[in-house]
Amino acid sequence: MKEYRIALLPGDGIGPEVVAPAVQALEAAGRLFGFSLRFETARIGGAAIDADGTPLPEETLAVCRRSDAALMGAVGGPKWDTLPGDRRPEAGLLGIRGALGLFANLRPAKVFSPLADASPVKNAGQMDVLVVRELTGGIYFGRRGRLTQDGVAAAFDTEQYSVPEIERIARAAFDAAARRRGKLASVDKANVLESSRLWRETVTRVAREYPQIETEHLYVDNAAMQLIRRPGSFDVVLASNLFGDILSDEAAMLSGSIGLLPSASLGAGAFGLYEPVHGSAPDIAGQDRANPLATILSAAMLLRHSLGETAAADRLEAAVDAALAVCRTPDLPAAGLPVVGTAAMGEAVLDALR
Ligand code: IPM
Ligand code: MG
């Protein structure tokens, strides 16, 4: 029997609560499809700051490096909000993305049919987009600092991209579009930023390798508007680290329920880091109220992208749809169905899997 090694990074807040049912779902999928999983837990974020004095211990990277994939909960919380930038829980997340070379962040956002009315936008019903966000470059990783100019305090951050960095994320996005509906919208601010002009030139050149993909280029402000105006017309949205961060939250809100959205962060090989798009929600932590479905769907992405267990991934995604038809967590419209907690929603997915 095939055995996979999975690193578990529960993190902070609701992280541990949503990772637990996702582990159960993975184990159940393994029993159904004939593979086994060996889990190794490691610390990241605030939990690691408290125990190890750093948001990203070396041991956590080591655990990931000997695993086929990593499943993360969430990081951050008010307890650590006053720490300096490079020692905050978020630095652990940025650090692991950089250290493991996870440059391609896939964030699918679609309207789940049982929740069609939950979107704040009337015409979002047809939306099914995949935001492909560059994750290890741009202004997140550029030079930054504080200085004093003519006696006035100032600060700067640098947006910088190289041609190879743009090429590899563009190819990841075009490949994804080829597996989906064959459309790609590349987002930039090429009317103002030099880095965006290089982005657009490079994406235009890579597009010639994919003549079957219908490509458009949008300025980021216009893209933000068109996502609201014509959400159903987008397939793959390709964006830099910062623009992808912003547009993926917009797409998440269009879907009506950030509690349902998974993500994958991939590098050059099969290894990936999988996590829900939502954060650590400290206000509801420890209350059995969090929606575990985004993490369970992240586990499905893990099965698909890192383990190649496609049938198991399909089955798990179908089980989430089925669970949504019988119960709801408090973040979703109840629509006459019983409102249940984190653990019970996890059980509903397990029931649907069997
Ligand atoms: C995300 C988050 C992170 C980011 C934060 C927590 C550092 O917003 O994953 O989208 O900006 O990348
Ligand atoms: Mg974000």
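The values are calculated or read from the model by the stated rules, or taken from the named source; none is laboratory data. Keep in mind the model is a prediction, meaning the values are calculated, not measured. Here Cβ is always computed from backbone atoms with ideal geometry, including for glycine, and neighbour counts include all displayed protein chains. Accessible surface areas use protein heavy atoms only, side chains included; no ligands, DNA or RNA. Shrake-Rupley method; radii C 1.70, N 1.55, O 1.52, S 1.80 Å.
Numbers at a glance
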{"item": "Three-way shape label, the stretch 1-121, alpha-carbon gyration tensor, a/c 1.5", "result": "oblate"}
{"item": "The stretch 154-291 - percent relative contact order, Cα under 8 Å, separation 6 or more", "result": "22 percent"}
{"item": "Carbon + sulfur, % of accessible area of the stretch 210-354 - ligands and nucleic acids excluded, 1.4 Å", "result": "58 percent"}
{"item": "Where labels lie 7 Å past Cα in the beta-carbon direction, separation of A311 and A344 in nm", "result": "3.4 nm"}
{"item": "Formal net charge of residues neighbouring S36 (Cβ-Cβ distance under 15 Å; K, R +1; D, E -1)", "result": "-1"}
{"item": "Student exercise, the chain dipole from Lys, Arg, Asp, Glu Cβ charges, in Debye to nearest 20", "result": "640 debye"}
{"item": "Solvent-accessible heavy-atom area per residue, rounded to whole Å², over the chain at 1.4 Å", "result": "42 Å²"}
{"item": "Accessible area of the stretch 48-139 belonging to carbon and sulfur atoms, whole % at 1.4 Å probe", "result": "50 percent"}
{"item": "Sequence of Y140, Y210 from largest to smallest accessible area, 1.4 Å probe", "result": "Y140, Y210"}
{"item": "Nearest-0.05 FRET efficiency for L61 and Q149, computed from C-beta distance (R0 30 Å)", "result": "0.20"}
{"item": "Tensor-based shape of the stretch 74-123 (alpha-carbon gyration tensor, a/c under 1.5 rounded, otherwise prolate or oblate)", "result": "oblate"}
{"item": "FRET efficiency estimate (nearest 0.05) - Cβ-Cβ, A334 to T41, R0 41 angstrom", "result": "0.75"}
{"item": "Contour minus Cα-Cα distance for F156 and R87 (0.36 nm per residue)", "result": "22.9 nm"}
{"item": "Total formal charge among the other residues, if their Cβ is under 14 angstrom from that of L266, Lys/Arg +1 and Asp/Glu -1", "result": "+3"}
{"item": "Mean ellipticity per residue at 222 nm, deg cm²/dmol - from DSSP H runs of n ≥ 4 across the chain, formula -39500 (n - 2.57)", "result": "-12500 deg cm²/dmol"}
{"item": "Inter-label distance for D321 and D283, nm, one decimal - labels placed 7 Å from Cα along Cα-to-Cβ", "result": "3.3 nm"}
{"item": "FRET efficiency, Q212 to D351 (Cβ-Cβ, R0 56 Å, nearest 0.05)", "result": "0.85"}
{"item": "W199, W80, ranked by accessible area, largest first (probe 1.4 Å)", "result": "W80, W199"}
{"item": "Net charge of Cβ neighbours under 15 Å - reference Q287; Lys, Arg +1; Asp, Glu -1", "result": "-4"}
{"item": "Label-to-label distance, nm, for residues given as I246 and K79 (7 Å Cα→Cβ offset)", "result": "3.3 nm"}
